[in-house]
Amino acid sequence: KLNNDQIIHFPEGMIGFETLKDFKLFSSETEEYLHWLQAVDDETIEFAVTIPEIYQIDYEIALDDDEEKLLEIDEGEQPVVLVTLSKKASPDENETLLNANLIAPIIINTNKKLGLQKVLTKQKNPITITLKG
């Protein structure tokens, strides 16, 4: 379960933003499944994220021992998986197309407020899925 307005610590940062370790997680005021991760130290850096299940994406993500230790996952705990979204150009100006990045999901231990971004090397799903919004 995602709790609004909490700070998630990413010990290794996010891909391309390794020096930024803390991100505020908050929900969109208009879209139920849209959330934002905003860097605490640089508010101009933010990522649109969502849960993959709303697009019928069923992830099988195996965490290795180091990743479980980094997230401090206890026996029986289920971390939350999020995917980043990016806008894609659309020929129709009244339509928003979003790409969901499935190759680098974000995994969050909501109990401990710890997160990591994992690059999947053997992925069944396409790298991105285009969604109409």
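The values are calculated or read from the model by the stated rules, or taken from the named source; none is laboratory data. Remember, it's a predicted structure, so these values are computed and weren't measured experimentally. The area values use the complete protein model at the heavy-atom level, side chains included, leaving out ligands, DNA and RNA. Shrake-Rupley method; radii C 1.70, N 1.55, O 1.52, S 1.80 Å.
Listing for the model above:
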read-out	value
1 or more residues open to solvent by 90 Å² or more (accessible area, probe 1.4 Å): qualifying strands (runs of 3 or more DSSP E) within the stretch 25-102	80-88
Evaluation of A48 against (1) under 14 Å from the mean Cα position of the chain (by Cα); (2) small (G, A, S); (3) at pLDDT below 90 (one fails), failing number	(3)
